[in-house]
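What follows is a set of notes on a single structure, which appears directly below.
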Amino acid sequence: MEKPWLLAMDLDGTVWDNLNISGVKPPYKKISNDEITNGDVKIKLLDDVIEFMEWCKANGAIIISLSWNIKENALMALKEFNIDRFFDYHATDYTPEKGKRLLEILKYLDSIGIKIDKKRIVYIDDRNIHIDEIKKLVGDIIFIHMWKDAENYKRAMEIIYKDIIQSSNSSGA
């Protein structure tokens, strides 16, 4: 069996174009395949994010949300976009402590028999403000600074393929 790997995804500015879903009052309503609204604000899924998450799932990822948001707003938006199905767990909360929340998820996974090597954790965010805390608490994970390290999700797939998928295949894991 393949060793599991973890994909921790930020939401604001990474999955959708809005930079603060916490500030967008629910309820949300789907107005197209890739757009929701609360009547005042339109929020759009970013290009290729669904294909990216499908590809990650098909390649063995456990996917978690790791976002600094009001959890209820974030979960409502994920559900309305019909992408909540990709997420196995949520480490989203209205605090900046992403490292602490990621560590809690890893401890939980370990307690149910899912051991994930630090080198098999990919964290994707459009900002790098949390990475120091994450590396301090969790270790040297793979960080993809979206829109900088990867200009699109196709490039993010290439990075993950090289760092996770290909390295697993070549090491005989």
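The values are calculated or read from the model by the stated rules, or taken from the named source; none is laboratory data. Note that the structure is a prediction, hence the values are computed from the model and not measured. Backbone-built Cβ (ideal geometry, glycine too); neighbour counts: all protein chains shown. Only protein heavy atoms, including side chains, enter the accessible area calculation; ligands, DNA and RNA are left aside. Shrake-Rupley method; radii C 1.70, N 1.55, O 1.52, S 1.80 Å.
For the pair E51 and E35, the difference between a 0.36 nm per residue extended length and the Cα-Cα distance amounts to 4.2 nm.
Kirkwood Rh over Cα pairs of the range 100-173 into Stokes-Einstein at 4 °C, 1.567 mPa s: D in µm²/s? After rounding, the answer is 97 µm²/s.
With charges set only on the Cβ (+1 for Lys and Arg, -1 for Asp and Glu), what does the dipole of the chain come to about its Cα centre, in debye to the nearest 20? Working shown, then result.
On the way: 25 positive and 29 negative charges, 77 e Å.
In debye, rounded to 20, the chain gives about 360.
Between K100 and L137, residue separation times 0.36 nm minus the direct Cα-Cα distance comes to 12.6 nm.
What does the accessible area per residue of the range 21-173 come to in Å², with a 1.4 Å probe and no ligands, DNA or RNA counted?
Numbers: 7980 Å² over 153 residues.
Ligands and nucleic acids excluded, the result is 52 Å² per residue.
Residues within the reach of a label modelled at I159 (point 7 angstrom out along Cα to beta-carbon, backbone nitrogen below 20 Å), restricted to the range 1-24, are 5-19. Each of (1) -0.34, -1.05, -1.30; (2) -0.29, -1.05, -1.43; (3) -0.38, -1.05, -1.27 is a candidate for log10 I(q)/I(0) by the Debye sum over Cα atoms at q = 0.09, 0.17, 0.20 Å⁻¹; the one calculated from this structure is (2).
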